[in-house]
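Working notes for the structure below.
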């Protein structure tokens, strides 16, 4: 019984330390990741805007559901093994830029991705800028020091590279 109390006290102490550390971290963050892919900006843009095809090349996506447009802006929901997230396309410049914003309220995090495309010879430089926030202090610590604030962007870019490489074979 004494060991159970000690373990609970230790866990509570760790939780308190994580909470206090998280409160010292900023709620908002900005992160950037880039890669070059051997494809035209048009091919990249078609790939990143074809949301229905996401499950074919993004392993973490189980399915995508189109939602009703709001004020002329496209919306969709990604379903993953960890839950669902709804997005709105808030800016779209063919072959140059795509901005998607999380529109779900009540999530512990949110923000937007700006994906910029720049022709670089026979390649395209793809740059993702994430402007996000994490509300719960403990999640701030985990996202910054455990998971990494760029992990999702890096996974996305690797998946995009594989998709475009497969399309050119």
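Using the Kirkwood formula over every pair of different C-alpha atoms, what hydrodynamic radius in Å results for the range 2-167?
On the way: mean 1/r = 0.0567 Å⁻¹.
Computed over the range 2-167, the radius equals 17.6 Å.
Before rounding to the nearest 500, sum -39500 (n - 2.57) across all DSSP H runs of length at least 4 in the chain and divide by the residue total; then give [θ] at 222 nm in deg cm²/dmol.
Calculated at 222 nm, the ellipticity per residue is -10500 deg cm²/dmol.
Looking only at 21, 118, 85, which one moves most when the chain is put into a Gaussian network model with springs between Cα atoms under 10 Å?
21
Using alpha carbon centroids, what distance separates the range 1-40 and the range 135-155, in Å?
7
Pick out which of 117, 98, 11 has the largest mean-square fluctuation in a Gaussian network model of the chain, springs linking Cα atoms closer than 10 Å.
11
Test of understanding: in a Gaussian network model of the chain with alpha carbons linked when under 10 Å, which of 81, 111, 22 would top the mean-square fluctuation ranking?
Looking only at 81, 111, 22, the largest GNM fluctuation is found for 81.
From largest to smallest, what semi-axes in whole angstrom does the range 48-106 give when each is the square root of 5 times an eigenvalue of its alpha carbon gyration tensor?
Result for the range 48-106: semi-axes of 19, 15, 10 Å.
Relative to the first principal axis of the alpha-carbon coordinates of the chain, what is the inclination of helix 151-167, with its axis defined by its Cα atoms, in degrees from 0 to 90 and to the nearest 10?
For helix 151-167, the angle is close to 30 degrees.
Give the relative contact order (percent, whole number) for the range 2-167; include only Cα pairs under 8 Å separated by 6+ residues.
Numbers: 276 pairs, mean separation 47.4, N = 166.
Relative CO of the range 2-167 lands at 29 percent.
Could you line up 70, 134 from fewest to most neighbouring Cβ atoms inside 10 Å?
Lowest count first: 70, 134.
The numbers here are math on the coordinates, done by the rules we state, and not lab data. Because the structure is a prediction, the values reported are computed rather than measured. Counting neighbours? That spans all protein chains shown, and the Cβs are built from the backbone with ideal geometry, glycine included.
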